[in-house]
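Computed from the coordinates by the stated procedures, all read-outs in this text should not be read as laboratory data. Owing to the predicted nature of the structure, the values given are computational and were not obtained by experimental measurement. In this analysis, Cβ positions are derived from the backbone assuming ideal geometry, glycine residues included, and neighbour counts consider all displayed protein chains.
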Amino acid sequence: RARQLGQLCPQYVKDVVLLKAGHCPHDEVPHQVNQEMIKFMRERILPAEEDMVDASTASSHPGVQAPVGV
C-alpha cells in the first residue's frame, strides 16, 4: 500500500520507506520511525518554515515586496 501511495502521489511522497514492522511501527521499531520522521521534517517542514519567515521579514520592511503567492 505504501508503494501505491508513492506511485499515486509522487509530488507529495519523495521516498516511501518500508519498515519491517507490523500494525504499530512506532512501538515496534521506534528508532527507525523517529529517524525517518526527523529526516522528513528537516527536508520538508523546516525549509517551508524558513520561507515563511523570509516572506514575513520582507513584508514587514517598507519598500520590500514579499514573494508572489505569499
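Between HIS26 and GLN7, the modelled label-to-label distance comes to 2.8 nm, taking each label 7 Å out from Cα in the direction of the beta carbon. Per residue, the Cα convex hull of segment 1-45 amounts to 71 Å³.
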